[in-house]
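Shown next, in structure tokens, is the structure this report addresses.
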Amino acid sequence: MEKAAGCPSVGSSYPQKNAEILSSQYGINLFLAGLLLTFAWAVHAVGISKSHLLSYLITLMLIQLLWMLWYLCRSCTQRRLIRDKDTHAGARWLKCGITLFAVITLILDSFKIGYYVDFSNCLSPTEGIFPVTHAVHTILQVYFLWCHAKDIIQSFKTLERFGVIHSVFTNLLLWTNGVLTESKHQLNEHKERLITLGFGNITIVLDDHAPQCNCTTTTLCSIFSQGIYYLYPFNIEYHILASTMLYVLWKNIGRKVEHHQQHKTPFKFHGITVGMIFGLIVLTSTIAIVVVYLIQIGRSKIKSELALTMFYLHAIFVLALMCTAGIVALLIYRLEDRSLDNSKNPARKLDAELLVGTAAGSWLLSWGSILAIICAQAHPKYTWYNLPYSVLVIIEKYIQNLFIIESIHREQEKVNDDIKTLRIVTVSRGSTLSLTPSYKEIYNGRAARDRGEVPCLLKGSICGRENDGGGDPREESSQDQSSVMRSASDFSFYSRNSVTNNKRRILKNIAAFLFLCNLSLWIPPAFGCRPEYDNGLEEIVFGFEPWIIVVNLAMPFSIFYRMHSAASLFEVNCKT
């Protein structure tokens with residue numbers, strides 16, 4: 001009988017599982033085709049031009065636009081229906097972050113349009129159509145994510161799976177295109193700087209895709225061409241954030257959720273002053289280091305070596321502080337006895353997987369640097385700072401991942417902030433009386449009120465005064481003793497609560513400090529401060545082309561790790 005009863009539910013899950021498998025395979029093939037087209041353009045394959053790649057991306061964006069418009073229209077017609085929502089998905093701070101990146105992406109698109117206008121004589125029309133389509137795609141996608149990121153789709157599930165997965169891989173391809181374009185620009189600058197470090201045996205051949213005609217307005221062309229590459233890091237983060245939010249939406253299609261109230265966890269600056277101050281010091285110093293690094297690197301061999309030394313010393317200091325803060329946080333967790341929340345949560349699972357997966361990019365670069373230092377025959381002085389830097393990068397990410405993953409899995413403390421007691425102590429007949437109720441008394445008083453009774457909160461004081469003259473001295477003595485015992489138990493409760501609050505305050509300061517540190521460490525590689533390029537030692541050991549391939553593959557994941565860690569730590573700060 002049990003088997004027969006279970007058959008319908010098992011049978012009904014087959015179409016849903018098949019749709020999930022089919023849609024995922026469709027998305028992967030869509031991505032692989034675009035990836036191969038991108039690679040063919042990057043290596044100047046015969047018969048493949050940039051217009052072919054842009055035409056493919058434009059087609060994908062137009063298909064996604066049609067699907068989003070259809071979904072929005074259908075949602076508008078069904079707006080009166082009550083729909084299930086995933087309260088963990090699409091947090092408000094995440095939506096605000098993606099909106100900020102989207103605004104900068106729109107500025108990037110406007111720069112591309114201006115660049116196309118100035119070089120319109122020798123550029124393909126697709127290079128003008130692409131930024132316009134991309135701008136419309138960005139505006140509608142941000143609106144879609146603001147309104148429907150929390151949706152749990154229960155109708156047209158097969159069609160919606162294909163639409164959402166198409167959107168996921170469209171954003172991943174746009175991310176890949178941005179990463180490749182930005183990497184080619186960084187590589188060209190790196191090749192020009194290598195000669196100043198004394199590596200004259202490396203042939204400098206610029207991989208240039210510049211238009212073969214003169215600009216109509218030289219000054220504007222220079223502003224557009226330089227500004228585009230400074231805005232690419234924000235465009236890259238926008239598309240990877242959009243793809244992760246859409247992936248969570250895809251995983252939630254057809255999902256059954258338990259209806260329970262989700263406690264809002266707003267961000268508060270109160271109590272995190274210390275962490276914010278130290279974090280802002282790190283952020284300010286990092287910006288200064290990046291500016292000096294970009295000015296000094298490539299000017300001369302001595303200035304380049306000083307810039308590298310300065311970068312390594314600053315990074316070693318910051319990473320050591322982050323390791324210490326992470327260890328303290330983990331020790332506090334070991335002292336606490338709180339259960340973990342193991343309920344099914346696609347957003348939380350994706351966060352943990354992205355943290356470990358993208359950290360592998362930095363670990364690959366760090367192990368490459370460690371191996372190069374061990375195997376190299378000659379060691380310039382500045383390269384020795386690379387060893388502790390690489391080791392600390394590995395350790396810091398390991399500790400930070402443990403802290404973040406445990407934090408997002410810990411059950412939230414249910415503290416009723418509405419119940420605030422003010423303890424007034426009086427002395428009556430030689431004994432201490434509490435004129436405020438304990439938590440249990442408040443609870444029991446509410447229960448009594450619900451039964452129609454008038455609660456007597458302060459036995460031996462208020463109620464006793466109502467019966468003056470009829471009281472027994474022995475009863476008054478026993479009431480005084482019970483009040484003293486109650487005050488002692490309340491003092492013990494407040495002591496434990498004070499210790500808990502101190503632990504929470506320390507954890508919030510650590511999370512705020514690590515949040516700003518991760519933002520600080522995102523800035524250098526995102527804006528061209530990449531010692532993995534400029535160090536030169538790895539290129540001697542592994543060879544120029546192999547090491548450059550490794551850096552170009554690993555660096556995007558390393559950059560994304562810092563931004564994703566900052567987002568996760570912001571959530572930890574709100575949750576703690």
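Annotations
- Of the chymotrypsin sites (Phe, Trp or Tyr not before Pro) found in region 124-173, those in coil by DSSP whose Cβ has at most 15 other Cβ atoms within 10 Å are PHE156.
- Of the solvent-accessible surface of region 37-136, computed with a 1.4 Å probe over protein heavy atoms with every protein chain present, carbon and sulfur atoms account for 71 percent.
- For region 14-256, the solvent-accessible area of protein heavy atoms averages 47 Å² per residue (probe radius 1.4 Å; ligands and nucleic acids excluded).
- Annotation: amide H of ARG410 within the under-5 Å range of ASP341, sequence separation 5 or more or interchain, hydrogens built in the peptide plane.
- Among 245-255, 121-131, the peptide with the highest mean count of other Cβ atoms within 10 Å heads the list, and the full ranking is 245-255, 121-131.
- Legend: residue pairs LYS85/LYS251; LYS112/LYS303; LYS50/LYS251; LYS303/LYS381; LYS50/LYS95, Cα-Cα distance threshold 24 Å; pairs beyond threshold, LYS112/LYS303; LYS50/LYS251; LYS50/LYS95.
- When the alpha-carbon atoms of region 22-130 are used, the pair Rg, Dmax equals 18.6, 55 angstrom.
- Relative contact order of region 14-256, defined on C-alpha pairs under 8 angstrom at six or more residues apart (%): 35
- The distance between label points at VAL292 and LYS157 comes to 5.9 nm (points 7 Å beyond Cα on the Cα→Cβ vector).
The values are calculated or read from the model by the stated rules, or taken from the named source; none is laboratory data. All of these numbers come straight from a predicted model, not from anything done at the bench. When we count neighbours, we look across all protein chains shown, and the Cβ atoms used for this are built from the backbone with ideal geometry, even at glycine. All accessible areas refer to the heavy atoms of the entire protein, side chains included, with ligands and DNA or RNA removed. Shrake-Rupley method; radii C 1.70, N 1.55, O 1.52, S 1.80 Å.
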